[in-house]
Amino acid sequence: MLPRRTGACQSETWRRDRVTAFTQVDELLAFLELDRTRIPDLDAEPESWGLRVPRTFVERMRRGDPDDPLLRQVLPLTAERQQVAGYVTDPVGDACAERAPGLLVKYAGRALLMVTGACAIHCRYCFRRHFPYQDLGPSQARLERALDEIARDPSLTEVVLSGGDPLMLDDDRLDALIRDLERITHLQRLRLHSRVPVVSPSRLTARLVASLTRGRFASTLVIHANHPRELDEAVRSALLDWRAAGVTLLNQSVLLRGVNDRIEILTELSERLFACGVLPYYLHGLDPVAGSAHFEVDDAEARRLLDGVRARLPGYLVPRLVREIPGDHSKRPLE
């Protein structure tokens, strides 16, 4: 069963979401009825990782609340300028895993393909906020080289589309890329990791789900939601349509101080995800990327929080607590 909303309406709304995104701190604060003086550590002019947040996401924030957990994820603070020991520009070892420009192979059988450097939203804790996307070269030539590398390695059975955010590409380009991947006979699965379905659910078009379900791949969409209030009714409706169409839906979250570091919030998030047709997959310990230390929750506290969630929910609603360590053969369990 394909999504009920028409592709034309979805596409038009998605384009509008991109154009109307907030990119200026003062405009965002004015919309939320917040005075600068209530945020003493505000960075109104971030240098290297500017503000970008879709209006559809901002509308879920509480007006007048400088500590709103959704706002906290996107609002630049002066803490990001502080140099903290152990917080680096490449916290997960992307550079060492690059087999071709934008093609990473870290784990057996899987390749990650950065299809674009663009994102719909700039999360302040993003582990790729310092990635040199500008050095990857022209996108078409780069993707062709990556496809050649994948085709030459029969040990690869799954491709993960990432970025940036793969759903920043339009439906035509994604459909063409998926068709190219389907021609590589040793590939069996396709996975997309995207924040877009949460921040701009209109991006989940009928054309896109058809591209993912018409062929031979078993397709999985891994969304990224950190707080239950991110999953409003528009997000829920779009995700349920995709689940009904046969796409496996998983979620990965990042444990963030001041956002979701409470048992009650994590429990509610898992329950809300399930109501959206999504299974909790990973709860990541913060990747130590430069500029994000103020979000850190230590591992002992993370374990305590997850123990609390486990005491309240059935096992299938409890995400795996993990951290990515450069050079490891898989995500490292923290439990």
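Of the helices (runs of 4 or more DSSP H) lying entirely inside the stretch 140-222, those containing at least 1 residues that are open to solvent by 30 Å² or more (accessible area, probe 1.4 Å) and under 17 Å from residue 118 (Cβ atoms) span 171-182. Within the stretch 296-332, being out of contact with any helix residue (DSSP H, G or I) (no Cβ under 7 Å at 6 or more places or on another chain) and part of a helix (DSSP H, G or I) holds for 299, 300, 301, 302, 303, 304, 306, 307, 310, 315, 316.
The single condition from (1) of a type in the set (D, E, K, R); (2) open to solvent by 20 Å² or more (accessible area, probe 1.4 Å); (3) at pLDDT 80 or above that residue 5 fails is (3).
In the set (1) closer than 22 Å to residue 169 by Cα; (2) at pLDDT below 95, residue 56 fails one condition alone, (2). Summed over the stretch 107-121, residues that are at pLDDT 95 or above, surrounded by fewer than 19 Cβ atoms within 10 Å (Cβ to Cβ) and either in a loop (DSSP other than H, G, I, E, B) or among the hydrophobic types (A, V, I, L, M, F, W, C) (or both) total 3.
Entry remark, the stretch 30-73: residues being under 30 Å from residue 134 (Cβ atoms), in a helix (DSSP H, G or I) and either open to solvent by less than 30 Å² (accessible area, probe 1.4 Å) or small (Gly, Ala, Ser) (or both) number 4 in total. Residue 85 fulfils the conditions (1) assigned to a loop (DSSP other than H, G, I, E, B); (2) touching a residue at least 24 places away in the same chain (Cβ under 8 Å); (3) not β-branched (Val, Ile, Thr) except for a single criterion, (2). Number of residues in the stretch 106-162 that are among the β-branched types (Val, Ile, Thr), under 22 Å from residue 172 (Cβ atoms) and in contact (Cβ under 8 Å) with a residue 60 or more places away in the chain: the value is 1. Output the residues belonging to the stretch 223-242 that are hydrophobic (A, V, I, L, M, F, W, C) and open to solvent by less than 10 Å² (accessible area, probe 1.4 Å). Once the filter is applied, which keeps residues that are hydrophobic (A, V, I, L, M, F, W, C) and open to solvent by less than 10 Å² (accessible area, probe 1.4 Å), the stretch 223-242 yields 223, 225, 231, 235, 238, 239, 242. Would you mind stating whether residue 258 is open to solvent by 20 Å² or more (accessible area, probe 1.4 Å), in a loop (DSSP other than H, G, I, E, B) and over 20 Å from residue 125 (Cα atoms)? When the stated conditions are applied, residue 258 does not pass them.
A single member of 318, 322 is among the hydrophobic types (A, V, I, L, M, F, W, C) and either in contact with a Gly (Cβ under 9 Å, 6 or more places away or on another chain) or without any contact (Cβ under 8 Å) to a residue 40 or more places away in the chain (or both), and it is 322.
The set of residues from the stretch 261-284 being within 20 Å of residue 125 (Cβ to Cβ) and surrounded by fewer than 22 Cβ atoms within 10 Å (Cβ to Cβ) comprises 261, 262, 265, 281, 282. Could you tell me whether the stretch 247-255 includes any residue that is open to solvent by 40 Å² or more (accessible area, probe 1.4 Å) and either over 30 Å from residue 85 (Cβ atoms) or touching a residue at least 40 places away in the same chain (Cβ under 8 Å) (or both)? Among the residues of the stretch 247-255, at least one is open to solvent by 40 Å² or more (accessible area, probe 1.4 Å) and either over 30 Å from residue 85 (Cβ atoms) or touching a residue at least 40 places away in the same chain (Cβ under 8 Å) (or both), which makes the answer yes. Counting the residues of the stretch 209-246 that are more than 24 Å from residue 272 (Cα to Cα) and aliphatic (A, V, I, L, M) gives 3. Of all residues in the stretch 223-251, exactly one satisfies the criterion of being hydroxyl-bearing (Ser, Thr, Tyr) and part of a helix (DSSP H, G or I), namely 237.
Of all residues in the stretch 42-68, those being closer than 19 Å to residue 230 by Cβ and aliphatic (A, V, I, L, M) number 4.
The values are calculated or read from the model by the stated rules, or taken from the named source; none is laboratory data. Being a predicted model, the structure only gives us computed values, none of them experimental. Virtual Cβ from ideal backbone geometry, glycine too; neighbours counted across all protein chains shown. The accessibility values were calculated without ligands, DNA or RNA, using every heavy atom of the protein model including side chains. Shrake-Rupley method; radii C 1.70, N 1.55, O 1.52, S 1.80 Å.
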